[in-house]
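The values are calculated or read from the model by the stated rules, or taken from the named source; none is laboratory data. Here the structure is a predicted model, which means the values were calculated and not measured. Using ideal geometry, Cβ is built from the backbone for each residue, glycine included, and neighbour counts are taken over all protein chains shown. Note: accessible area is taken over every heavy atom of the protein model, side chains too, but ligands, DNA and RNA are not part of it. Shrake-Rupley method; radii C 1.70, N 1.55, O 1.52, S 1.80 Å.
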Amino acid sequence: MAIEDASDIDKLYEYGERLSEAKDKSQHVSDYEGIITAAKGSMKAKQLAAQLIPRFFKFFPSLTSKAYDAHCDLCEEEELGIRVQAIRGLPLLCKDTPENVSKIVDVLGQLLLAEENVERDAVHKALMSLLRQDPKASLTALFHHVEAGEERIREKVLNFIKDKVFPLKVEILKPQEQMERHITDLVKKSLQDVTGAEFKMFMDFLSSLSIFGASAPPERVQELVEIIEGQADLDAQFNVMDIDHIDRLISCLHMALPFFLRGASNAKFLNYLNKHIIPVFDKLPEERKLDLLKSLAECSPYTTPQDSRQLLPSVVQLLKKYMPRRKTGEETNFTYVECLLYTFHHLAHKTPNATNSLCGYKIVTGQPSDRLGEDFSDQYKDFTERLTNVEDLARGAMKKLTQGMAEHNKAMAAAKTDEAKGGIKIKKQNTTTGLRTCNNILAMTQPLHSKSPSFIGDKKISLSWKEAAKPSPSSTTASVGGKRTVPAANGSGVAATATKKGRGMGGVQSQLVNRALEGLSHGRSGARNRGWGGGRGRGRGYR
């Protein structure tokens, strides 16, 4: 057997030497056929064939199919060395035959399942070589796995795109505008069925492209918002029991906020909230209410006068619910009030005379809708009584929080371990946020006592959770007195209903986003319905 192996190897070297020296290699078909046949021979013959098949591939178009099949078989050999050698040769099958790029990238995408580091590294390098040679065909083939591939392969391809392709977009996406548009279209097609993590990854990538950069026109920025709107499924009938849809809706609204700042319209989101969500606010899961109100508050400065007029009555109704006319013995959720007051100010600033009938204010704009001749004194009395009551409650909460801060400072001075100091530091952060919340409420209620108030339409008020430096764990609570305790990490400042899951203080619904956007590396079942939160759901496609 050893003699036969040596004979086979000698023949292979002969084939290779003749082909290398021949000026017209196409005249040596039998030599190349011999190399292809050797791919089914001994281990050494297979390894040498893995080098020679790609080297002379372009000279024998009539043997393309046989050579391709033989080489792919070598990529699946049991012997690691043969597989690695064959994988390294795959890009050579496309070097002078670019029409093969898509087919070879498709094969390499499947080979991303490789478990051996050296083999996986060879796959990565081969893919990067082809991406540089023909980015359009290569990306199209890769995204086919994302859009319709087997689950395990899809996950590996997504990780490769995230870790290897996206960071090198400037190098790979050339010509820039043409290729950025192409990959945007590929991403859109891939959003038929994604997890929150995958969607966030894709949106971060699209946002980083130059066609959507700082100088992009508003209609280009609106394109990103429309992608997010599609994923939020704003055309669907709302079901308050569909937790996955609620998670997705709030996360998408949060993702869209930076684009509203750049001039994109938030009308579709606000209309959906006004029509479907706010009317059933009480039925929402408790831990989602704060997420929604925070997003609404951050969205409100970018609302048009027309949308403000439509949304304002719903906001006033909610505001009255959480600003009772008199003390009831129940704890007030001050962050709910902060969110709603902030939203109220910004909406009312855009359409001030809409507050005439809602709150009894005498706002003169010169428009027929001023309704100044009607008597809305009862509305004014009701609204200002609520303002006075919430101010009293806020001052009382601030007094307790200030006392609590003094106790935290004493405890910090006495603490001896880093663990103890860390716990006290978290309590101090939560107390500070509570004080900011109450201060904001007082700053926003005081101008509203006038019969012709001035509404805050700028950003003089910094929302309490936007100032917090870092998120806090949900295990620590700060007592304010009354029937319920303050959830230390839900960003609610003071006296909010306790929730089962903590909420970071550093941004809108950060815990929700973190849960929705769990890492891509976790294994998933073969089911293609990828949810955003605890449940599983199907994203809306863009075909």
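Values for this structure:
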{"quantity": "Whole-Hz couplings from phi, Karplus 6.51/-1.76/1.60, listed for segment 390-403; x for Gly and Pro", "calculated": "5, 5, 4, 5, 5, 5, x, 5, 5, 4, 5, 5, 5, 4"}
{"quantity": "Extreme residue, positive dipole direction of segment 299-373, given options F344, C299, P324 (C-beta unit charges)", "calculated": "P324"}
{"quantity": "Cα-based shape type of segment 334-480, given that a ≥ b ≥ c are square roots of the gyration tensor eigenvalues and the cut on a/c is 1.5", "calculated": "prolate"}
{"quantity": "Residue among I277, L257, L290 farthest towards the positive dipole end of segment 252-296, charges placed on Cβ", "calculated": "L257"}
{"quantity": "Net lengthening on full extension, A414/L80 (0.36 nm per residue, minus Cα-Cα)", "calculated": "114.1 nm"}
{"quantity": "Rg(Cα) / (2.2 N^0.38 Å) computed for segment 293-337, rounded to two decimals", "calculated": "1.35"}
{"quantity": "Probe 1.4 Å, accessible area per residue of segment 296-422, Å²", "calculated": "47"}
{"quantity": "Protection proxy ranking of 360-370, 217-227 - average other beta-carbon atoms within 10 Å, highest first", "calculated": "217-227, 360-370"}
{"quantity": "Packing-based ranking, highest mean first, of 330-336, 459-465, 237-243 given that Cβ atoms within 10 Å are counted", "calculated": "330-336, 459-465, 237-243"}
{"quantity": "Simple label model, 7 Å out from Cα along Cβ direction - D73 to V118, nm", "calculated": "2.4"}
{"quantity": "Whole-number accessible area per residue in Å² for segment 85-226, which is evaluated in the context of all protein chains at 1.4 Å", "calculated": "41"}
{"quantity": "Furthest towards positive pole of dipole, P98, C75, S65, structure part segment 58-158, Cβ charges", "calculated": "P98"}
{"quantity": "Along principal axes, Cα extents of segment 171-223, largest first, whole Å", "calculated": "29, 25, 16"}
{"quantity": "Stokes-Einstein D in µm²/s, Kirkwood radius over Cα pairs - segment 364-449 at 4 °C with 1.567 mPa s viscosity", "calculated": "81"}
